[in-house]
Each structure stands twice: as C-alpha cells, then as structure tokens.
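The block underneath contains the structure these notes are about, expressed in structure tokens.
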C-alpha cells in the first residue's frame, strides 16, 4: 500500500516529540507566491492534495476508539443509590467528552467536495493499535458528501480574517471544521444537575428576564429545589460541551506533526455563513444548508427592552437526516425531546437497557449486573427538567436560548503538504524530521 512506511512511522512517533516539536506551518505546496516585500517568495511546485490514507489517519484522530468505562461509584456514603447513568454513549472517542456526549461532528473540506464525518457503525479495533486498512475502512464509512465542491466564500472579512485569506482553504489542502450539537447534553447535563441530593439541587433563574424562576416555581414550593442555590441560565452557556471540540482539534494538530504534514488551527467561516443562516444566504449563499427555525415572538419578548443574541435569531436545528437537534420543530415540544433522549439511554436498545454496550470492558457477567443495578434519572428530575426546558422554549421561541442548537466554535484545522523550500529559504530549522522525511515515507 502506498504510504505504508509513513503510516508505520506515524504509529511509532513519540508523543513527547509531537508535543514539543509541533508548530503552526502554514505554507502549503503549490501556493505559488508569498508576497512579503523584500521577503517575497515564489515557487513552481504543483498542488499536492492529501492521499486517501493521509486523510483517513486524520479522520481516525477524531473517531471512535473503543468502549468507555463507567468507573464511578453507584452508591452514596450511606448506601443510597447514586446516579450512575450520566453518559450518553458507551463507545469511546479519541478525546474526552462531558458525560461522553460525543456531540462534535466534523465537516471535512477538500478539492473533491465537502463531507460530513458521521460516527460510523464500524469502529477501530478497541484497545489495539489500528492498521492502515482499519483507518481507511473507518474513514470511508464516516464520509458523507454534502457538497460536490470545496465550500468557499469571498476571500474578505467576515468570511476570512486578515492574512488567513492568502493561505487558508487553498487547493490541495484538507480542512476539518468542528460543529457541536449542544441540545443533547444540554438536556442530559440539566438532569444531572437536578440529580443532586436533597437540599443541593439548584433552582434555575432567567437572567435575561428579570431573574424570574425559569419554569421551576412549583419545584421550589414543594421543596425539590433549593431557592438559595440560584443558577442563571446564562451562566450555563454551552454546558461545557464545546470543550470536546477543542480536545479533538488538539488531536488533529499532534497527528499532523507526527505524520510530517503542515497545518495549523485558525479562524474558520463564521457560524451563520458556514451553516447557512437565512439572513446571510442572499449575500453569501447557503453554506452547508442547515435547516433553521425562526423564533416565535410573543408578548414576553415585547416587554423586554433588550434580548441578547442569539435568543431572537433563527436557530440551526438540522442538517437533513444526518444531524437533528433535540428541540422543536424536530419534536412537537420539549417534553417530547426529553423523552426521546431518555429513550436513547434507557429504552429498548439504549446503552443502559442491556449489558451489551459495556460488555467489552467489564469482566464476564459484570456488565449485566451494572445495568441492572445502576440508578436512572428520578421521575421528579425528569419532570422538573421538562418544565425548565419548556419554559426556555415558550419564553424565547427556541431551544436553547443562550446558545444555538448547533454551535460553531469558529475555528478549523488545515492540513497540507508543506512547501519545504519556503522554510529552507526563510528559517533555521523551520521544520522537523517528520516533515523532512514525509515525501520519502508516504509517497516514495
């Protein structure tokens, strides 16, 4: 297989060297010219796109790698059940995720098109170092073409920032763009917060609406929530789900260096342009073509002099059948959305319905014991969460209100073959041995 020697070298590359030798190397082969006054550089090198194997290795660095371990206590110090089922997935990914939500999807852009990288049914062999055939197969199953061309916008602000327009998303480059579904873990994380012991459950308040109780007044009156533990909806933000994308981006950067490619992380297309906000389509086009839900205006909105973004803006809620948020109009109401999430966890085929999902990491017979004994969300927790989620949707006409259903971190990672002669002419030790040896190992 072409690139087999490079793949073997990549598998052996020391982590410490990848950390300490990694640098942003932005100049790709075939770029032609870097205008810089007296330091202007020109080259006749041809564009050299990444091979299928090279892309597959990068895709694998964001993919599924095995089964996670639910290694947390199931009882309190006094022996009462402790919520032991916060996770949303049993399979583990190449980077950590809050409650194993696996909320980040990547879009990959290259010369052949624009692809969604979905979570494939086929995962890399758990607990083993993958072979080249494994990563190739996983990558092929992950790729879903959504555009038959490289996604592009005019090379000016706000589409591109500053000098990035001269070196970003060029022919021959491969770009990875993270997009995060916030709704699934937003609901799950809220129920996790509401699963605290008596007296320690926070009461949610609406900091954009005169700090009124956010749909939980009756739960304060019956003593389920502690009114002195006030938790503003705005403080919750993304429920920390966005950090998953950050971890996966770091994986890509370390992999790029270990493979001997060039690349860096930088500002990508703004969320409204990337996803295709209706307010931007006439000027910039449909982007990725996400479906948007326009908030319903009501009398509560009219009473507020100012409502910050994004609460009154259209909400990206779906990308065809590939990505669908847990909120209306994908569900009739928020109660139904919560029920759909619970069915994923506890219903037939859910990760806590049988021991099959966790069986690979438990000793024989223990997975069934785990799922039979693990505590689920209490019915009062579910009912309270439904009331809060319903309040958000009915008050702001969208869910969530403080963040978009699909969150765009605003960064992307570019990988490319490095213009070695540029770095030879400009810098002392401008690249590491991995870049120096790349062509011989991967394309020899």
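Here are the numbers for this structure:
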{"quantity": "Candidates 202, 197, filtered to the one that is out of contact with any helix residue (DSSP H, G or I) (no Cβ under 9 Å at 6 or more places or on another chain) and closer than 21 Å to residue 85 by Cα", "calculated": "197"}
{"quantity": "Residues of the stretch 365-380 that turn out to be under 13 Å from residue 83 (Cβ atoms) and in contact with a helix residue (DSSP H, G or I) (Cβ under 7 Å, 6 or more places away or on another chain), as a count", "calculated": "2"}
{"quantity": "Flag for residue 424 being crowded, with 24+ Cβ neighbours inside 10 Å and either touching a helix residue (DSSP H, G or I) at 6+ places or on another chain (Cβ under 8 Å) or farther than 26 Å from residue 267 by Cβ (or both)", "calculated": "no"}
{"quantity": "Yes/no for residue 129 being out of contact with any strand residue (DSSP E or B) (no Cβ under 7 Å at 6 or more places or on another chain), closer than 18 Å to residue 58 by Cβ and not in a loop (DSSP other than H, G, I, E, B)", "calculated": "no"}
{"quantity": "In the stretch 238-263, the residues that are more than 12 Å from the chain's Cα centre (by Cα) and at positive phi", "calculated": "239, 260, 263"}
{"quantity": "Selection within the stretch 18-49 - in a helix (DSSP H, G or I) and touching a residue at least 60 places away in the same chain (Cβ under 8 Å)", "calculated": "18, 19, 21, 39"}
{"quantity": "Residues that are in a loop (DSSP other than H, G, I, E, B) and either closer than 11 Å to residue 345 by Cβ or within 12 Å of the chain's Cα centre (by Cα) (or both), drawn from the stretch 78-93", "calculated": "85, 86, 87, 88, 89, 90"}
{"quantity": "Scope the stretch 371-407; condition in contact with a strand residue (DSSP E or B) (Cβ under 6 Å, 6 or more places away or on another chain) and either surrounded by 21 or more Cβ atoms within 10 Å (Cβ to Cβ) or without any contact (Cβ under 8 Å) to a residue 12 or more places away in the chain (or both); matching residues", "calculated": "388, 398, 404, 405, 406, 407"}
{"quantity": "Spans of helices (runs of 4 or more DSSP H) in the stretch 234-302 with at least 3 residues out of contact with any strand residue (DSSP E or B) (no Cβ under 8 Å at 6 or more places or on another chain) and modelled with pLDDT of 95 or more", "calculated": "243-259"}
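The values are calculated or read from the model by the stated rules, or taken from the named source; none is laboratory data. No experiment lies behind these values; they were computed from the predicted model shown. Every residue, glycine as well, gets a Cβ built from its backbone with ideal geometry; the counts of neighbours run over all protein chains shown.
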